[in-house]
Amino acid sequence: MDNLKKKGAFANNNLELYGFDQFQDNQNLLGRILKNDKIDICIDDGVHLDEAILSTIKSIRPYLVEDFIYFIEDNSTIHETIKRIYPDFKVENFGKITVISSKKYYCEQRDITMSHDNVLHIGMAGRRNLDKRSYKVLMNASGDSREFAIVPKNLKVIAKRLAACLQISTRPDYIIGFAPGGIPIAVALAYELNIPLIIAYKCRLDLPDEIIWSEPHCLFNTFYFYGAYPGMSVILVDDEVDNGDTLYNGIRALQEYGVQILDVACIVEVLHNGYSRGRTKLLDLNLHLKSLLQLNVDKYEK
């Protein structure tokens, strides 16, 4: 541990180290250590025997948050036993790595496809990575899977419909599309309106005039935009808007640089219990979100 600290590890954290016998019942020990805290992420890279792994899960389980994620390393068979003992767990195996999460927070892909004249198709799937959001809205405007593949003639119609929703009195200098999901519809909208397009994406470059903002719910959560200038006027385009944090952060960053936001548009506006968090957040910036479809995700989550 001292060697790791010398190399700069844990510089921003107050690390605590405790001894832990994986063959023992450690519930009381964990209760004394954690007090009123809970465990968000657990990585078991200790004794790789089935008995030790199962004993550790039993000890830790009462202290896991509802949307926990639990990694078990270097055991290629334990996942079948865990599935049998814990039917409420979502258990996935990747060779010698097993990943456990709560089924309550895992949203399987299901047939909730919607259509506008058989043009726009929407669905949902669970996220398997460490994003804070448990679900992903799927659509054929962003090519999220074979079922939701982009059909060019349909994308063109979707872009026409989105263009009709925009309320702009002056022609913008550029459209800004948010990677990755917002790229196809942003390209189609740029073609439809004959307006130049710039992509905001998650690759940092050695270019001038860099603007940075965050996408808080994602594991890779930083957007980069290059080439802005004071007085530049733009329309922002993304595939979906959920709680609105990404757009809000992007708008604030662009406005601080002197960029004028004329309008904001997306395909799907996510609702929670009928309430649009994203729309409300953008209203604080005096911007009115334009969307083709509102989707209440709560009734589809487990």
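The values are calculated or read from the model by the stated rules, or taken from the named source; none is laboratory data. For clarity, every value in this text was computed on a predicted model and none was experimentally measured. Note: ideal-geometry Cβ built from the backbone for every residue, glycine included; neighbour counts use all protein chains shown.
Note on the range 81-101: residues that are assigned to a strand (DSSP E or B), acidic (Asp, Glu) and exposed (fewer than 13 other Cβ atoms within 10 Å of the Cβ) total 0. If you filter the range 1-14 down to residues that are under 25 Å from Thr56 (Cα atoms) and surrounded by fewer than 10 Cβ atoms within 10 Å (Cβ to Cβ), you find that the one that is modelled with the lowest pLDDT is Met1. Considering the range 226-276, the residues that are of a type in the set (Ser, Thr, Tyr) and surrounded by 18 or more Cβ atoms within 10 Å (Cβ to Cβ) include one that is nearest to the chain's Cα centre (by Cα), namely Thr246.
Mind counting the residues in the range 66-80 that are outside any loop (DSSP other than H, G, I, E, B) and either surrounded by 14 or more Cβ atoms within 10 Å (Cβ to Cβ) or aromatic (Phe, Trp, Tyr) (or both)?
So the count comes out to 8.
Okay, residues lined up against (1) at pLDDT 95 or above; (2) out of contact with any Pro (no Cβ under 9 Å at 6 or more places or on another chain):
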| position | (1), (2) |
| --- | --- |
| Cys203 | no, yes |
| Glu215 | no, yes |
| Asn221 | no, yes |
| Tyr224 | yes, yes |
| Leu236 | yes, yes |
| Glu240 | no, yes |
| Gln260 | yes, no |
| Ile267 | no, yes |
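Determine whether the range 254-266 contains at least one residue that is without any contact (Cβ under 8 Å) to a residue 24 or more places away in the chain and not in a helix (DSSP H, G or I). Checked the range 254-266: no residue is without any contact (Cβ under 8 Å) to a residue 24 or more places away in the chain and not in a helix (DSSP H, G or I).
Can you pull out the residues in the range 36-51 that are at pLDDT 90 or above and part of a loop (DSSP other than H, G, I, E, B)? Scanning the range 36-51 gives Lys38, Asp45, Gly46, Val47, His48, Leu49. Just one of (1) on the phi > 0 side of the Ramachandran plot; (2) part of a helix (DSSP H, G or I); (3) not small (Gly, Ala, Ser) fails for Thr246. It is (1).
Restricting Ile198, Ile183 to those that are under 24 Å from the mean Cα position of the chain (by Cα), touching a residue at least 12 places away in the same chain (Cβ under 8 Å) and closer than 13 Å to Asp238 by Cβ reduces the list to Ile183. I'd like to verify a number: residues in the range 166-179 that are surrounded by fewer than 14 Cβ atoms within 10 Å (Cβ to Cβ) and either touching a residue at least 12 places away in the same chain (Cβ under 8 Å) or basic (Lys, Arg) (or both), how many? Result for the range 166-179: 4.
Among the residues of this structure, Ser214 does not count as one that is more than 25 Å from Tyr191 (Cα to Cα), surrounded by 21 or more Cβ atoms within 10 Å (Cβ to Cβ) and in the same structural domain as Ser142 (by TED's automatic domain parsing). Residues in the range 180-198 that are closer than 19 Å to Leu254 by Cα and either touching a helix residue (DSSP H, G or I) at 6+ places or on another chain (Cβ under 6 Å) or buried (at least 23 other Cβ atoms within 10 Å of the Cβ) (or both): Gly182, Ala186, Leu197.
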